[in-house]
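To start, the structure itself, in C-alpha cells.
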Amino acid sequence: MTTRVRVSSLALLLALAGFSLTRALDAQQKPGESVPRNPFIGRWTLTSTGEPPVYVGWLEVSEEGGQLAARFSNRGGSPTPVSSIQIVNGELVFQPAAGRRGPSPEHRARIQGEKLIGSTTATDRTVEFTGVRPAKWPSADASAPHKFGAPIELFDGKSMDAWDLVRPEQPWSVIDGEMTNSPADAKPAPGSNLRSKQKFQDYRIHAEYKLADGSHSGIYFRGRYEMQVLGDVGRPADKFSHMSVYGWVAPLVNASKPDNEWQTMEGTIVANKISVTLNGQKVHDNSTLEAITTNAVDPNELEPGPIQLVGNDGKIWYRKVTVTPIVDTGR
C-alpha cells in the first residue's frame with residue numbers, strides 16, 4: 001500500500017511540474033505566435049563591399065526534412081546546390097560546389113538587423129558581402145497591350161556613342177554598318193561587354209545579331225537579367241539554351257538559326273515579367289524573372305538599368321539595337 005502511495009505521489013509531482021513548465025512556455029509565447037523562424041531561411045541578393053569591382057550574387061537557404069540546404073550563384077555562375085551548409089554559434093557557414101579549379105572557398109555570414117553580413121576568402125583575398133531580401137514586385141503582364149513612346153536607336157550603323165566599354169582596353173569596331181568585337185579576318189580575342197549609357201525601366205528591345213561558329217553572347221534586360229545568345233540549332237530547349245533566362249527559365253521552343261546567319265530577338269520587360277520572340281517564334285510568354293543572373297551590373301532590381309551586350313566569348317556582330325520605352329503599362 002505504501003509503495004502505491006509513493007508512486008502516485010511521484011506521478012502527481014511530475015504532472016504538476018509538466019503543467020507548470022507548459023504554463024511558463026505559454027506565458028512567454030503570445031497568442032497567435034508561431035515558433036520563431038530560422039532567420040537565414042529564404043532568398044538573399046548578395047553584393048560585395050569594399051574595393052571595386054562590385055560582385056553580385058544570389059543565395060537561397062531552405063530546410064528539407066529537418067536539414068538545411070541551399071542554392072548559390074556567384075557573379076559568374078548559375079544557381080547550384082551548395083556542397084555543405086550549417087549554422088555554427090549563430091553563423092551561417094556554407095561552401096559552394098567545387099568548380100573546375102577545385103574546391104570553392106567557404107562563406108560565413110551573420111544576421112545583422114534585416115541584412116546578411118558575411119565574407120569569403122579566396123587565395124590571398126577576402127571579399128566581404130552584404131545580403132538583402134529580393135525586391136517585391138507589383139503584378140504585371142509583359143504580354144498585355146502597352147503604350148509605347150518613341151524608339152531609341154542604340155546603334156545607327158555608324159557610331160557607338162550610345163555605349164560604354166566595360167573594359168576600354170578591349171574595344172569594339174564598326175565595320176560595314178555592324179558592331180563587332182573583332183575586326184574582319186582577325187582572330188577573335190576576348191572582347192569587352194558593351195553597356196548602354198542610357199538606362200531604361202519598362203520597354204521593348206529589338207536586336208539583330210550574328211554569331212561566328214561556336215561563339216556566345218548575351219543580352220541583359222536592365223543589366224541584371226541575361227538572355228543567353230549562342231548557337232544551338234536543333235538541340236532540346238533547356239535553361240541554358242539560346243534566349244533562356246540564363247540558368248533560370250528555358251525558352252518555350254528552340255528557335256535558333258545556324259551560326260553565321262542573322263537572328264532577330266524582340267523582348268518586352270515589365271516589372272519582373274518578360275515576353276520574347278526569337279526569329280518570329282514566341283519563346284517567352286510573360287515569364288517570371290525570379291532573380292538576377294550571372295554578372296549583373298548591380299543588385300538594384302527596382303531601378304532602371306542599362307542594356308548590356310556580352311562580348312567576351314567569340315566573334316559576334318550586332319547590326320541593330322533599338323529600345324522603345326513603355327510610357328503606360330496599364331497597371
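The values are calculated or read from the model by the stated rules, or taken from the named source; none is laboratory data. Values in this document were obtained by computation on a predicted structure and should not be read as measured data. Don't worry about glycine lacking a Cβ; one is built from the backbone with ideal geometry, like all the others, and counts go over all protein chains shown. For the accessible areas, the whole protein counts, side chains as well, though only heavy atoms, and no ligand, DNA or RNA atoms are used. Shrake-Rupley method; radii C 1.70, N 1.55, O 1.52, S 1.80 Å.
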Working only within the range 315-331, note down all residues that are among the charged types (D, E, K, R) and surrounded by fewer than 22 Cβ atoms within 10 Å (Cβ to Cβ). ARG319, LYS320, ASP328, ARG331
Restricting the search to the range 128-162, which residues are free of Cβ contacts under 8 Å to residues at least 60 places away in the same chain and more than 24 Å from SER48 (Cα to Cα)? ASP156, LYS158, SER159, MET160, ASP161, ALA162
I'd like to verify a number: residues in the range 185-210 that are modelled with pLDDT of 95 or more and either assigned to a strand (DSSP E or B) or touching a strand residue (DSSP E or B) at 6+ places or on another chain (Cβ under 6 Å) (or both), how many? 16
So which residues in the range 55-70 are open to solvent by 60 Å² or more (accessible area, probe 1.4 Å) and either under 10 Å from HIS107 (Cβ atoms) or part of a strand (DSSP E or B) (or both), if there are any at all? GLU63, GLU64, GLN67
Just one of the numbered conditions (1) farther than 19 Å from GLU266 by Cβ; (2) of a type in the set (D, E, K, R); (3) open to solvent by less than 20 Å² (accessible area, probe 1.4 Å) is not true of ARG222; which one? (1)
